[in-house]
Structure formats: structure tokens, C-alpha cells
1. Which value, in Å², gives the accessible area per residue of the chain when a 1.4 Å probe is used on the protein heavy atoms?
2. Can you tell me which aspartates and glutamates have their Cα less than 17 Å from the Cα of Lys41? Leave out same-chain residues fewer than eight positions away.
3. According to a simple spin-label model (label point 7 Å from Cα along Cα-to-Cβ), what is the distance in nm between Glu143 and Ser125?
4. Rank these by accessible area, largest first, 1.4 Å probe: Asp26, Asp135, Asp71.
5. Go ahead and run the numbers for FRET between Ser63 and Asp20, Cβ-Cβ distance against an R0 of 22 Å, rounding to 0.05.
6. Please compute the length gained on full extension between Leu105 and Glu46, using 0.36 nm multiplied by the number of residues separating them and subtracting their Cα-Cα distance.
7. Taking the convex hull of the alpha carbon atoms in the chain, what volume per residue do you get, in Å³?
8. When all protein chains stay in place, what accessible area (Å², nearest 10, 1.4 Å probe) is found for Tyr102?
Amino acid sequence: LPLQFHDMADTTKLLTLGIDRIVLFDGVCVLCNGCMDFLLKNDVEERLTFGQMQSPQGQRLLSFLGIPMEDAMKQFVFVEGGHCYRGSSAALRIARHLRWPYPLLWMFLAVPPFIRNGVYGIVASNRYSWFGQLDACKKPSPELQARFIEYQELPNLS
């Protein structure tokens, strides 16, 4: 199930401001950056926007969502349609926006969350030791910067 924003007014505000389909990820995680590269390559209709949790814009959005940074760093976050999805639920919902055949992965939402999140949690907990960690957040190429909230002005979220 999605996490709801703190109240309906906030949800309406985000949607009204055009804040939708944002993927927030750990910008120093090698695995996470690889996943974002994969999403950028396969989001051919450019429906998704990306943000690094460590950036000022990422932290503002997490704060607005009521997600402490410590919790956010355990699972990436996907904001869509006034809902906030985390972990495996986020990954499977994002798959709907990718080129064929990746939307078929959406059917795995039928797998009980305790199973999906168990597997996700093992990988997430070991991602630095298995895949490595960058010294600083990776900067997107100039042609991709428009797809990252770090290069956009976020509206007032207060």
C-alpha cells in the first residue's frame, strides 16, 4: 500500500504544482546510480523525473513528505499520483513507465509485500559493500539535467 502524504491538501498541492512521478534515490550508491541510468535509458517517453536524496531539493521533498533521511536511505522513493511508494512497490510501479517489456513487471505487485520487500531489503542493506559507494553524488550529463530536480526550481512546499 502507498504511504499517504500528511493530509489531502498537501496531496492536492503537489499534484497542482506538477510534482509527480519523481524518483528519489541515494546519489552516492553505485547500484542506485546504475538503476537510474537504466531508468533514464528505458523511460523513452521521459515521464519520470529524478532526484538525489542528498541534494537540497531532495531533502526538501523528503521533509515535505515526512520521511526522515535515515529512513529514506533504506529504500528509494517514488512519488506518483499523490502517493509515496517505497522499495519494491516503488520499483514495480516505475516499471509501468518504461519501454516494453518492462511494464510486465508491474504484475509482481501481486506477490505479497513481505516477500518482495524481504528480497529488496537484503540487497538494499548490502548495496554499499556489494556494489560500492561514491565520494559524492554523480552529476547528470548536461542533456539529462532537465530530468533532475537538482536543476529545476521546486515550488514552495510549505
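1. Numbers: 8580 Å² over 158 residues.
For the chain, the solvent-accessible area averages 54 Å² per residue.
2. Within the straight-line limit of under 17 Å, Lys41 reaches these aspartates and glutamates: Glu143.
3. 4.1
4. Sorted descending by solvent-accessible area, the residues read Asp135, Asp71, Asp26.
5. Given R0 = 22 Å and the Cβ-Cβ separation, E is 0.75.
6. On the way: separation 59, 0.36 × 59 = 21.24 nm, distance 1.88 nm.
That pair, Leu105 and Glu46, stretches by 19.4 nm at full extension.
7. On the way: hull volume 18.0 nm³, N = 158.
Output value, Cα hull per residue: 114 Å³.
8. Accessible area of Tyr102: about 70 Å².
The values are calculated or read from the model by the stated rules, or taken from the named source; none is laboratory data. Quick caveat, the model's predicted, so the values are computed rather than measured. No Cβ is skipped: glycine too gets one built from the backbone with ideal geometry, and neighbour counts run over all protein chains shown. Ligands, DNA and RNA are excluded from the accessible area calculation, which covers all protein heavy atoms including side chains. Shrake-Rupley method; radii C 1.70, N 1.55, O 1.52, S 1.80 Å.
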